[in-house]
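Throughout, read-outs are computed from the coordinates displayed, never taken from laboratory work. The structure presented is a predicted model; accordingly, all values stated were derived computationally and were not measured. With ideal geometry, Cβ positions are generated from the backbone for all residues, glycine too; neighbour counts draw on all protein chains shown.
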Amino acid sequence: MIPWERVGDTVTTKLDRREATVLRGLITQIDGMLRARLDATPQDELAELTGIRTGMTSAPDDPILARLLPDFHRLDRDDEPSKEERDSAAALRSLHEPDLLDLKTGVAGVVLDTCPPSGGTVKLSLEQADAWLSAVNDVRLALGTTLDVTDDMPEDLPDDDPRSPHLGVYQWLTWMQEHLVLALSPDEL
């Protein structure tokens, strides 16, 4: 991959076949997880009558989905949250999660639509570039959760560490995201 380049309202890069395959595969996996969460939402008769969508009331059990769909009202205090606090968190999740899922599957779709399956030039509008930033961030969060990435994690892991082969992909995604941010940033920075 060459660094992103911005010319006017267009941002471009070039991906080789392997990079495109890895990126598309990871985006497809995250998109599938998000769509499965959306499909698992129970039907709400009142929502069907009013047109107001509702979503799940509880956080995902899966650690990756929990990272991608965090609580809208934090309950991480030392003491037990009250019933009112739990109900508030459930109501906020139910109201906002469908929109967040739509946003996340939408940006994944932009990447899948604009990333050539066999590699090649990627030419994006600024809006599409923002979608790429969001989708790549989601993949990084998911992979970082799987690899248990921390601030004090070394850049290289021992060869016998099962996370070692995947850490390079995480680092590549970080590099891609950083260079896309730089390409989208004003020249004055």
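For region 107-174, give the magnitude of the charge dipole about the Cα centre (Cβ charges: +1 Lys/Arg, -1 Asp/Glu; no others), in debye to the nearest 20. Don't skip to the end; give the middle numbers.
Working: 3 positive and 12 negative charges, 89 e Å.
Dipole of region 107-174, to the nearest 20 debye: 420 debye.
Report Rg (one decimal) and Dmax (nearest whole number) for region 1-110, counting Cα atoms only, units Å.
Cα radius of gyration and Dmax of region 1-110 are 18.4, 54 Å respectively.
Rank these for me by crowding, Leu124, Leu26, Leu49, going from fewest to most other beta carbons within 10 Å.
Working: Leu124 24, Leu26 21, Leu49 8.
Fewest-to-most ranking of Leu124, Leu26, Leu49: Leu49, Leu26, Leu124.
Given a Förster radius of 35 Å and the C-beta distance between Ala40 and Val7 as r, what FRET efficiency does 1/(1 + (r/R0)^6) yield to the nearest 0.05?
Numbers: r = 43 Å, r/R0 = 1.23.
E(calc), rounded to 0.05, equals 0.20.
How big is the dipole moment of region 5-184 about its Cα centre under a simple scheme where the beta carbon of each Lys and Arg is +1, that of each Asp and Glu is -1, and everything else is neutral? Debye, nearest 20, please.
Working: 18 positive and 35 negative charges, 164 e Å.
Here the size comes out at about 780 debye.
Stokes-Einstein D for region 85-189 at 25 °C, 0.890 mPa s, Kirkwood Rh over Cα pairs, in µm²/s? Could you put the intermediate results ahead of the total?
Numbers: Rh = 16.2 Å.
Answer from the Stokes-Einstein relation: 151 µm²/s.
Treat the count of other C-beta atoms within 10 Å as a stand-in for reagent exposure and order Ser82, Ser94 from fewest to most.
Ser82, Ser94
Counting other C-beta atoms within 10 Å, which of Lys123, Lys14, Lys83, Lys104 has the fewest, and how do the rest follow? Intermediate values should be presented prior to the final figure.
Values: Lys123 14, Lys14 17, Lys83 8, Lys104 23.
Least crowded to most crowded, the residues run Lys83, Lys123, Lys14, Lys104.
Would you kindly work out the equivalent ellipsoid of the chain from its C-alpha gyration tensor and give its semi-axes, the square roots of five times the eigenvalues, largest first in whole Å? Kindly include the intermediate steps, with their values, before the conclusion.
On the way: eigenvalues 212, 98, 51 Å².
Equivalent ellipsoid semi-axes, largest first: 33, 22, 16 Å.
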